[in-house]
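What follows is a set of notes on a single structure, which appears directly below.
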Amino acid sequence: MAKIKMKIERDANEIKYISILRKEVNKSISEIKKLISNNDYILSYNLLDMDEMIEIEKIVSLLLKADAKVHLYENNREVSIEFLNNLIESYQDTENYMEEIDEQMDKY
């Protein structure tokens, strides 16, 4: 299954990042701290699930506002935040297109 994963660079503001993550994910403070310290993936979401993509985009945005250095990976290849945003936009465009097609089919 295609996944998008996230890492955060360790720095002096780690406590802020842990606080943000603690509110958004189901992991303990010590678990989040250990993942950051070990440069491990903190989050992993399904790339084919638009709701999960929107969720990770929300978390990334909060972390970026707190000056976190966030790194996203697709299949162990680093990708940009723009990649994530484009993917979400693409899913939304596809969803809108499918709704339009459904509406047109209902007319006939």
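Each reported figure results from applying straightforward, stated rules to the coordinates on display, with no laboratory input. Fair warning: this is a prediction, and the values are worked out from it, not measured in the lab. Note that we place each Cβ from the backbone using ideal geometry, even for glycine, and neighbour counts take in every protein chain shown.
Scanning the stretch 75-86 for residues that are part of a loop (DSSP other than H, G, I, E, B) and under 15 Å from Ile42 (Cα atoms) gives Asn75, Asn76.
Counting only residues that are touching a residue at least 40 places away in the same chain (Cβ under 8 Å) and surrounded by fewer than 16 Cβ atoms within 10 Å (Cβ to Cβ), the stretch 1-12 holds 4 of them.
Return yes when Ile59 is within 14 Å of Ile81 (Cβ to Cβ), of a type in the set (Val, Ile, Thr) and either surrounded by 15 or more Cβ atoms within 10 Å (Cβ to Cβ) or in contact with an Asp or Glu (Cβ under 8 Å, 6 or more places away or on another chain) (or both) and no when it is not. In short, yes. Residues in the stretch 36-46 that are touching a residue at least 12 places away in the same chain (Cβ under 8 Å) and surrounded by fewer than 19 Cβ atoms within 10 Å (Cβ to Cβ): Ser37, Asn39, Asp40, Tyr41, Ser44, Asn46. The condition of being free of Cβ contacts under 8 Å to residues at least 24 places away in the same chain and more than 21 Å from Arg22 (Cα to Cα) holds for only one of Asn96, Asn75, that being Asn96. Within the bounds of the stretch 17-25, is there any residue that is over 16 Å from Asp67 (Cβ atoms), without any contact (Cβ under 8 Å) to a residue 60 or more places away in the chain and hydrophobic (A, V, I, L, M, F, W, C)? Checked against the condition, which is being over 16 Å from Asp67 (Cβ atoms), without any contact (Cβ under 8 Å) to a residue 60 or more places away in the chain and hydrophobic (A, V, I, L, M, F, W, C), the stretch 17-25 yields at least one hit. Being touching a residue at least 24 places away in the same chain (Cβ under 8 Å) and either on the phi < 0 side of the Ramachandran plot or in a strand (DSSP E or B) (or both) is true of Ile56. Looking at Leu21, Leu72, just one residue is surrounded by 12 or more Cβ atoms within 10 Å (Cβ to Cβ), outside any helix (DSSP H, G or I), in contact with a helix residue (DSSP H, G or I) (Cβ under 7 Å, 6 or more places away or on another chain) and aliphatic (A, V, I, L, M), and that residue is Leu72.
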